[in-house]
Amino acid sequence: MARVCEICGKKPAVGRSYARRGLPKRVGGIGLKITGKTLRRFQVNLQKVRVVDENGAACTKRVCARCLKTGLRKGTLSKSARGAHRRYLEEKAKEGAAS
């Protein structure tokens, strides 16, 4: 399974990791020297979240932290109820259907 956000499509980015040696000038040294550069990957901060989809069914999605934050705030993403709260909602729905 790829590390891709299911909402925005954000993927891992490629960058560099720098190995440095020496003492910084602000501490009294002659400055930091870069002794090596290696490629690295910046991974996406993916979270598994149970959400309610368009049909009203609960499903699990892999969502990046930014989409999760904005989606919950704007109301475009709603987490599915779990545990005691879910049982409470089911009982309330049965009472509403009975009356």
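The values are calculated or read from the model by the stated rules, or taken from the named source; none is laboratory data. Note that the structure is predicted; figures quoted are calculated from it, not measured. Heads up, the Cβs are rebuilt from the backbone with ideal geometry, glycines too, and the neighbour counts pull from every protein chain shown.
Yes/no per residue for (1) among the aromatic types (Phe, Trp, Tyr); (2) touching a Gly at 6+ places or on another chain (Cβ under 6 Å):
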| residue | (1), (2) |
| --- | --- |
| Leu32 | no, yes |
| Leu39 | no, no |
| Phe42 | yes, yes |
| Lys48 | no, no |
| Lys61 | no, no |
| His85 | no, no |
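Here is the figure for segment 44-63: residues that are of a type in the set (Val, Ile, Thr) and more than 14 Å from the chain's Cα centre (by Cα) total 1. Considering segment 4-34, the residues that are among the hydrophobic types (A, V, I, L, M, F, W, C) and farther than 30 Å from Gly71 by Cα include one that is surrounded by the most Cβ atoms within 10 Å (Cβ to Cβ), namely Leu32. When residues in segment 1-41 are screened for being of a type in the set (A, V, I, L, M, F, W, C) and touching a Cys at 6+ places or on another chain (Cβ under 8 Å), 3 of them pass. Checked against the criterion of being under 18 Å from the mean Cα position of the chain (by Cα), at pLDDT below 90 and not hydroxyl-bearing (Ser, Thr, Tyr), the candidates Arg66, Arg3, Arg73, Arg41 yield just one match: Arg73. Please indicate, with yes or no, whether at least one residue in segment 12-29 is hydroxyl-bearing (Ser, Thr, Tyr) and part of a loop (DSSP other than H, G, I, E, B). The answer is no, given that none of the residues of segment 12-29 is hydroxyl-bearing (Ser, Thr, Tyr) and part of a loop (DSSP other than H, G, I, E, B).
Checking Gly28, Gly83 one by one, the residue that is on the phi > 0 side of the Ramachandran plot and at pLDDT 80 or above is Gly28 and no other. If you go through segment 35-79 and keep only what is loosely packed, with under 10 Cβ neighbours inside 10 Å, free of Cβ contacts under 8 Å to residues at least 24 places away in the same chain and not in a loop (DSSP other than H, G, I, E, B), you end up with Thr38, Lys48, Arg73, Lys74.
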